[in-house]
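The values are calculated or read from the model by the stated rules, or taken from the named source; none is laboratory data. Because the structure is a prediction, the values reported are computed rather than measured. When we count neighbours, we look across all protein chains shown, and the Cβ atoms used for this are built from the backbone with ideal geometry, even at glycine.
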Amino acid sequence: MKVVILGCSLVGSLLANQLMAKGDEVSVVDQNPNSFKRLDKEFMGKTILGIGMDEEALKSAGIEKAEAFIAVTNEDNTNLMAAQLVREKFKTPKILLRVYDSKRAQAFRELGLNIICPTIDSAEKIKSLLLENLE
Amino acid sequence: MYVIIVGGGQVGHSLARMLISEKHEILLVEKDPARYSKLSEELGEQVILGDGTELGTLMDMGVNRAHVLVAVTGTDQDNLIICQMAKILYIIPRTIARVNDPKNEEVFQTLGVDATVSATRIIGSLIEEKIDAGMFIPLLALKGGEVEIFQTQLSSDSPLIDKKISKLTLPKDCIIIAALRENQIIIPKGDTILKENDTIITLVGKEAKDTFKKLFL
């Protein structure tokens, strides 16, 4: 599968390394060249220096032929804008994004975006562990 | 009219001042504490400290009662998301966003922002105008380009000069909304007469654009 990842964040780089190892074709876009240091030495995918809302950067990452786009920069609004841009312009079949702010995540899920909200997920996980220990 | 302005930089600040002087009700939102305290010295309770993309801040602002929300922070993605949140959650009738990178204008409009203003593009156009007088300069596009506002300077052979506006044959869906003559702004009426070198601001529907442009060739 061809995957474009926006944001070589902790999650972005981990995903890139794992998908690469699994045999997927991975490109990573980030605006900070230092972020690419998080990638494994064996990482053979493409790294593109650029911002995620920039169509040119996305095109050189191969978005036009990608089957999946994953927006995991550390900025919620960047991820939201990039995901919507990719959905409108490139119609990439699978689009996933991270949004930390739970309220924003809920609002934009209404627009049909496939949002992962680590804040909600962690809170849920912690709650269930708490209850488990109480039993 | 109740207008919420997000972003207290130079654009937000002068917009706030302008609207206040025109007796509009405004609320300015600034997230930087230092800038906020400076602004509040002048604007008092009309400015609040908060992040416009956060739901709590938007609620405090009484967004649901606002007629217009204007997002003029220096970051395009923030401006977009602020406008979208206002639309999704509070059904604000009208949202306007500042676009720093002109390439984003089209995207903003596809994603539901009612109007975009790109200083970069306007300045670029104005500079071009200095180079090529009589050119047709787009200032603002509304509803994804359905209606546009243009600026152009009238040359000595323009068919629009030296006649009462009511006698002009303008294409359908096209209206002259202002004329700039030296330092004077003229809001035209039927008996206004345009002159050579006047700069006119015109509202033009999509269909009428080409016919209208031909008037200036």
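Listed values, structure above:
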item: Pairs where the first residue, in the range A:30-43, is farther than 19 Å from A:ALA57 by Cβ and the second is of a type in the set (S, T, N, Q) and surrounded by 16 or more Cβ atoms within 10 Å (Cβ to Cβ), C-beta under 7 Å, 6+ apart; result: A:ASP40/A:ASN17
item: Index of the failed condition, B:ARG181 passing every other in (1) more than 20 Å from the chain's Cα centre (by Cα); (2) at pLDDT 85 or above; (3) under 20 Å from B:PHE212 (Cα atoms); (4) not aliphatic (A, V, I, L, M); result: (3)
item: Residues being among the polar types (S, T, N, Q), facing chain A (nearest Cβ under 9 Å) and surrounded by 21 or more Cβ atoms within 10 Å (Cβ to Cβ) - total across the range B:105-120; result: 0
item: Helices (runs of 4 or more DSSP H) completely within the range A:37-122 that count 3 or more residues being at pLDDT 95 or above and surrounded by fewer than 20 Cβ atoms within 10 Å (Cβ to Cβ); result: none
item: Yes/no for A:ASP121 being within 19 Å of A:VAL11 (Cα to Cα) and of a type in the set (D, E, K, R); result: yes
item: Those residues of the range A:1-28 which are surrounded by fewer than 18 Cβ atoms within 10 Å (Cβ to Cβ) and in a loop (DSSP other than H, G, I, E, B), in sequence order; result: A:MET1, A:LYS22, A:GLY23, A:ASP24
item: Conditions (1) closer than 20 Å to B:LEU80 by Cβ; (2) at pLDDT below 95; number of the one not met by A:ILE126; result: (1)
item: Test: residue in the range B:70-89 that is within 23 Å of the chain's Cα centre (by Cα) and farther than 26 Å from A:THR78 by Cα; result: no
item: Residue tally, condition in contact (Cβ under 8 Å) with a residue 24 or more places away in the chain and either facing chain A (nearest Cβ under 8 Å) or in contact with a Ser or Thr (Cβ under 8 Å, 6 or more places away or on another chain) (or both), over the range B:95-104; result: 6
item: Residue tally, condition modelled with pLDDT of 90 or more and within 10 Å of chain A (Cβ to nearest Cβ), over the range B:74-94; result: 9
